[in-house]
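A short worksheet on the structure shown next.
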Amino acid sequence: MALPHETPMVDIHCVTKWSKFDTSWEGVSVDALLGAAGGVAADEAFVVAFSDGGYTTNLPLDDVTNGKAWVAFDYDGGPLPAEHGGPARLLVPHLYFWKSAKWVRGLRLLTHDEPGFWEQLGYHNRGDPWREQRYQGDP
Amino acid sequence: MQTEDMRLDGNAAGGPLRELFAMDMTAAMATCSGCGTARAVGALLEYGHEMGLILRCPHCNMPVLRMVRTPRFLRLDVTGLSFIAIDEPVS
Amino acid sequence: MTDAEPAAPPARLEWRVATVVGVRDETPSTRTLVLDVPEWPGHRAGQHVDVRLVAEDGYQAQRSYSIASPPESANVELTIECIKDAEVSPYLHDVLQVGDGVEIRGPIGGYFVWEVQQRGPLLLVAGGSGIVPLMAMLRHRAHSATAEQARSPVHLLYSARTADDIIYREELEAIAKSAGVSVFITLTRDAPAGWTGYRRRIDRAMLEEVAWRPARNTRAFVCGPTPLVEATANLLVDIGYDAKRVRTERFGPTG
């Protein structure tokens, strides 16, 4: 599929409090993927990213559109290694890094929010590091 | 797909499970509700580490036990666990 | 009608501050911490402790370390391999000094444990720092009465990168001379001139030469990097070991 590639350089924030700055990636923007897939229905406001092994994570659609997210397959100039989520992972750098689902297989658009794997166990539905939204109930 | 080299096993979960169950759980025989295989908790595959605890069945990969514990809450999902058997050690 | 006296509830597993009373370099990348742990309840060979480090900003890192000392020891010894860029082991390996305190919780584990009373031939397979809990088992055995030891002959297969990476090398050479113990070492990266041991990764042929013929009371304990542990456990089952009598402890990716 010949979708345009982008090369974002971003900071990433892990929920266990470390951050890594100026990481460089290559991937396809989620905007381009959604466009190629036929766009988004008016009432679809949420996304679930799913990977092998039953892993899922949920996010508001607004957090993966308008240049905020990619499906990345290259990291630091080379193919994304398996231990970092390769061959492809979701990349949503403005949210805590667990939202950037490794080994991503697809994105499902929903009209309602559906807590994913870690969110069912108490992690936040959105995960904004600037508001320290780690767990359900964090404002 | 998960990098298998990185996984640990139920032995590494011994501390958190001891806190929860008030007894050692690594020698407990756990039956997976997915495939019915019974294995010692110490022989289950452990993932997750930074975020929480996930123990998976080595036979069918089903999450047998999932746990997140913080100072403010505990969440425990055991839908993958249908039975636990513990034998007291012979003294 | 009275029931039998109920057993005392198990001791609460609490974090305690242990004091480092000794430090011993084992290899260029491993060292042993000798800890004095207040009110230590004793432990079984094969068990581990959790170690917790708390940074000034409250960030906590926690890792498990196998106990190297046998139950018969007064102090608790941990042998730490320094893993570059890791969160906990560089601190324990490079920074901690005699007199410092370190938070530990334990002993933990009831699966990967062995007592000499269990009898029967014992096969121990270690990769790298996986030797640590197996050394606790060997040391525990060495403390036991000769008759007990005779009932638990041991074969140890230890995989290390180079001769310099063999942890407890002199002690293993001494143990290898004792009755009922055979020690086999395989070096996977580099061997010194005159090396008569194995020189390759553990494979089926090696296990067939080293392992006890599987019998009803044979036990195997395999510990070390995850890929080595899984490959070895699978091979042991292939050569006839009952999967339930092969116990494993994975240490994660190769350091």
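Some observations on this one:
- Taking the conditions (1) free of Cβ contacts under 8 Å to residues at least 60 places away in the same chain; (2) surrounded by 12 or more Cβ atoms within 10 Å (Cβ to Cβ) in turn, A:E44 satisfies each one other than (1).
- Test: residue in segment C:80-101 that is in a strand (DSSP E or B) and either in contact with a Pro (Cβ under 9 Å, 6 or more places away or on another chain) or more than 30 Å from C:M206 (Cα to Cα) (or both): yes
- Among (1) more than 21 Å from C:R63 (Cβ to Cβ); (2) under 12 Å from the mean Cα position of the chain (by Cα) - the single one B:D87 does not satisfy: (2)
- Conditions (1) within 16 Å of A:V47 (Cα to Cα); (2) within 15 Å of the chain's Cα centre (by Cα); (3) open to solvent by 10 Å² or more (accessible area, probe 1.4 Å): number failed by A:H112: (2)
- For segment A:18-36, filtering for residues that are in contact with a Gly (Cβ under 9 Å, 6 or more places away or on another chain) and open to solvent by 20 Å² or more (accessible area, probe 1.4 Å) leaves 3.
- Residue selected from segment A:126-139 under the condition within 14 Å of another protein chain (Cβ to nearest Cβ) and in contact (Cβ under 8 Å) with a residue 40 or more places away in the chain, by the criterion surrounded by the fewest Cβ atoms within 10 Å (Cβ to Cβ): A:R134
- Among (1) more than 14 Å from chain B (Cβ to nearest Cβ); (2) basic (K, R); (3) closer than 19 Å to B:E50 by Cβ, the one test that A:R108 misses: (3)
- Sole exception among (1) in a loop (DSSP other than H, G, I, E, B); (2) in contact with a helix residue (DSSP H, G or I) (Cβ under 8 Å, 6 or more places away or on another chain) for C:S66, by number: (1)
- Each residue in segment A:96-109 was checked for being aliphatic (A, V, I, L, M) and either open to solvent by 30 Å² or more (accessible area, probe 1.4 Å) or more than 21 Å from B:M62 (Cα to Cα) (or both), and 2 of them qualify.
- Matching strands (runs of 3 or more DSSP E) fully within segment B:12-91 where at least 3 residues are at pLDDT below 95 and crowded, with 19+ Cβ neighbours inside 10 Å: none
- Matching residues, segment B:1-44, being among the polar types (S, T, N, Q), facing another protein chain (nearest Cβ under 9 Å), touching a residue at least 24 places away in the same chain (Cβ under 8 Å) and farther than 14 Å from B:N61 by Cβ: B:N11
- Any chance C:R200 is more than 9 Å from chain B (Cβ to nearest Cβ) and either within 13 Å of C:L122 (Cα to Cα) or modelled with pLDDT under 95 (or both): no
The values are calculated or read from the model by the stated rules, or taken from the named source; none is laboratory data. All figures in this text were calculated on a predicted structure; none of them were measured in a lab. Quick reminder, even Gly has a Cβ in these numbers, built from the backbone with ideal geometry, and neighbours come from all protein chains shown. Calculation scope for accessible area: heavy atoms of the full protein, side chains included, ligands and nucleic acids excluded. Shrake-Rupley method; radii C 1.70, N 1.55, O 1.52, S 1.80 Å.
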